[in-house]
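Accompanying notes for the structure given below.
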Amino acid sequence: MKILANDGIAKSGIDALEASGFEVITDTVAQEALIDYINENNVVGLLVRSATKVRKDIIDSCPNLKLIGRGGVGMDNIDVDYAREKGLHVINTPAASSASVAELVFAHLFGMVRFLFDANRNMPLDGDSRFKELKKSYGAGIELRGKKIGIIGFGRIGRAVAKVALGQGMEVIAHDPFCESADIELDFYDGQTVNFNIKTVAIEEVYKNADFITLHVPYQGKPVINKKEIEMMKDQVGIVNAARGGVVNEADLLEALESGKIRFAGLDVFENEPKPDMKVLMAPQVSLSPHIGAATLEAQDRIGTELAEQIESLLK
Ligand code: NAD
């Protein structure tokens, strides 16, 4: 049976699929040529990331296609309900990148509290002429240990963030209207584990008490954090948005950064991707990354293996 991985797949996935007897094709077939390619090659499984669109035309015109797989989370590029109505399996790998996003949140947090994002901008310019001044201006960093992290959205990624935070000696304050509490298991390299049960709290408690706030909610159609919510936060709070652009109102965030109410922000996602607002990109208190939360080699490996396991159990 042939599987076409049209947007690529990690070697771990190819190996696992081949070991179960599938033939994996990693050619990238142009969107308009896909229907003919699938039918001519008798492809039974089509794997995509975000580039290839799997719409009604493909579903209707490829009678031998049995499965559509998305490596990653969002399935906006697939007509999921329609495909399922027509009897196709539609699978994804929602948990594979949670730990990667959690680490990126901490990359921003660790960088922010020691001004690394700013030092990396200024050291190449002035590091040899103004070393002592730079040393002084970045010399009042703070530690994450002992601080309170507010996690808004306590699903897969929120809990992965809690794991890292607990390991770092932070107190976790979580809010999620659909989750009362969660068991978080910290697993260490030598097999030891430590268990925490975190009860979620009202959103006001997060705003009132958290030293840092990180969001891990789905896109809501409107921002979760606006001026009103920012006013409820502690002075000098740090914020991270690695969820979706628009979950934090960027204009209100910029205003709060300028006034000093928010001390710094880490942004992996932006309202106007892939052309974020220059004012956000240029803001001196912002640590930036171009939507790379899920993008680690390990996550790609886990995505490959998870897809292979699901395909094997559904098609074999
Ligand atoms: P998830 O579905 O496991 O968790 C989301 C949680 O948010 C759920 O528990 C839900 O109950 C909760 N929630 C919904 N509305 C809420 C609200 N108004 N207030 C508080 N909690 C609310 O999803 P996940 O896998 O943890 O992903 C979370 C977010 O991360 C998504 O927006 C996803 O798009 C984003 N994401 C970003 C990257 C990246 O590259 N930066 C990668 C993967 C996912």
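All of the numbers you see were taken from the coordinates with simple rules; none came from a lab. Because the structure is a prediction, the values reported are computed rather than measured. All Cβ positions, glycine included, derive from the backbone under ideal geometry; neighbour counts span all protein chains shown.
Relative contact order for the stretch 1-101: 25 percent, from Cα pairs under 8 Å spaced at least 6 residues apart, divided by residue count. Reducing the stretch 233-273 and the stretch 99-146 to their Cα centroids gives an inter-centroid distance of 18 Å.
Taking every DSSP bridge with both residues inside the chain, close to 15 percent are antiparallel. Between the amide H of ASN92 and those of ARG70, distances stay under 5 Å, these residues lying 5 or more places away or on another chain, with hydrogens modeled in the peptide plane. Rounded to the nearest 20 debye, the dipole magnitude of the chain is 780 debye, with +1 charges on Lys and Arg beta carbons, -1 on Asp and Glu beta carbons, and the Cα centre as origin. Considering only alpha-carbon pairs that sit under 8 angstrom and 6 or more positions apart, the relative contact order computed for the chain is 18 percent.
Could you pull out which residues in the stretch 56-99 have an amide N less than 16 Å from a spot 7 Å beyond the Cα of ASN41, following the Cα-Cβ vector? Those under the cut-off are 62-69. Please go through the residue pairs LYS148/LYS227; LYS132/LYS228; LYS53/LYS199; LYS86/LYS222; LYS148/LYS261 and name each one whose alpha carbons sit more than 28 Å apart in this structure. Pairs exceeding 28 Å: LYS132/LYS228; LYS53/LYS199; LYS86/LYS222. Each of SER50, SER98, SER259 was scored by other Cβ atoms within 10 Å of its Cβ. Arranged with the fewest first, they read SER259, SER50, SER98. Note on THR26 and ASN195: the extension gain reaches 56.7 nm, defined as 0.36 nm multiplied by sequence separation minus the Cα-Cα distance.
Taking θ as phi - 60° and the Karplus parameters 6.51, -1.76 and 1.60, the scalar couplings of the stretch 119-133 work out to 4, 5, 7, 8, 4, x, 7, 10, x, 8, 9, 10, 3, 5, 5 Hz in sequence order, x denoting glycine and proline. With loop defined by DSSP as not H, G, I, E or B, and exposure as at most 11 other Cβ atoms within 10 Å, which is the longest segment of the chain clear of exposed chymotrypsin sites (Phe, Trp or Tyr not before Pro)? Maximal segment without exposed cleavage sites: 1-177. Structural descriptor for the stretch 118-192: relative contact order 27 percent, calculated from alpha carbon pairs under 8 angstrom and at least 6 residues apart.
Note that the stretch 272-289 has calculated 3J(HN,Hα) couplings of 10, 5, x, 10, x, 4, 4, 4, 6, 5, 8, 4, x, 9, 10, 8, 10, 8 Hz, one per residue in order, obtained from phi through the Karplus relation 6.51 cos²θ - 1.76 cosθ + 1.60 (θ = phi - 60°); glycine and proline are x. For the stretch 175-189, backbone phi angles converted through the Karplus equation (6.51, -1.76, 1.60; θ = phi - 60°) give residue-by-residue couplings of 10, 7, x, 9, 8, 7, 7, 9, 8, 10, 9, 8, 10, 9, 4 Hz, Gly and Pro being listed as x.
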